[in-house]
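Taking it in order: structure first as structure tokens, then the write-up.
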Amino acid sequence: MSPVWIYLFAALCALVLPGVYQVEGMEVLVSKEIEAVNGTEVQLKCTFKSTHPLSEDRISISWSFRPLGKATEESFFHYQVIAYPPSSGLFKGHAVWSGDVMKGDASITLQDVQFSLKGIYSCQVRNPPDIQGYAGEINLRVIQKVFFSEIGILTIAVGGSIGVIFLILLIYIIVRKCVCTNMYRIGK
């Protein structure tokens, strides 16, 4: 191999290797879909793993919201050393911090969930120099309060059926006793 090719190969390695070494990523884990009952609270669980040691003063967390059927996202919650909950808008009074960054937890809790809060939530975590990575996305569905659960309805149906069976059995016993008593009187 000629000396020119060796120098060219060494120069190429010197340029490429530092770029490859810098490519690292943040791993963010969330549930794909969560269901909440209207008027209750729900935790949007977001955990993360970083390739670098966690430092509370370096970690930053951003939460954003995209209503179903819309293309634009709205950033509404930020954390860096302390939580910055929303002071106005749709999420004021609804979003509170419930995570612990030193344990890899970037979760928030939505209180008094309303139908207007259904949509896609994105959790993005940065721990410089580890800032690359995908945001975790959660689809929040909000459902109407259920007054009778399926188990409650099943309990009423089974209890009612047993009650009807006992009533029929009681009527049968009474009729049988009356018939026997009348036959006994006729025989005397």
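Miscellaneous remarks
- Set S116, S122, S87: member being touching a Lys or Arg at 6+ places or on another chain (Cβ under 9 Å), closer than 30 Å to F65 by Cα and either at pLDDT 85 or above or in the same structural domain as E56 (by TED's automatic domain parsing) (or both): S122
- Within region 53-98, the residues that satisfy the criterion of being more than 24 Å from V142 (Cα to Cα), free of Cβ contacts under 8 Å to residues at least 24 places away in the same chain and surrounded by 15 or more Cβ atoms within 10 Å (Cβ to Cβ) are Q80, A83.
- Considering region 99-113, the residues that are in contact with a strand residue (DSSP E or B) (Cβ under 6 Å, 6 or more places away or on another chain) and either within 16 Å of V30 (Cβ to Cβ) or outside the structural domain of G69 (by TED's automatic domain parsing) (or both) include one that is surrounded by the fewest Cβ atoms within 10 Å (Cβ to Cβ), namely D105.
The values are calculated or read from the model by the stated rules, or taken from the named source; none is laboratory data. Please read all numbers here as calculations on a predicted model, not as lab measurements. When we count neighbours, we look across all protein chains shown, and the Cβ atoms used for this are built from the backbone with ideal geometry, even at glycine.
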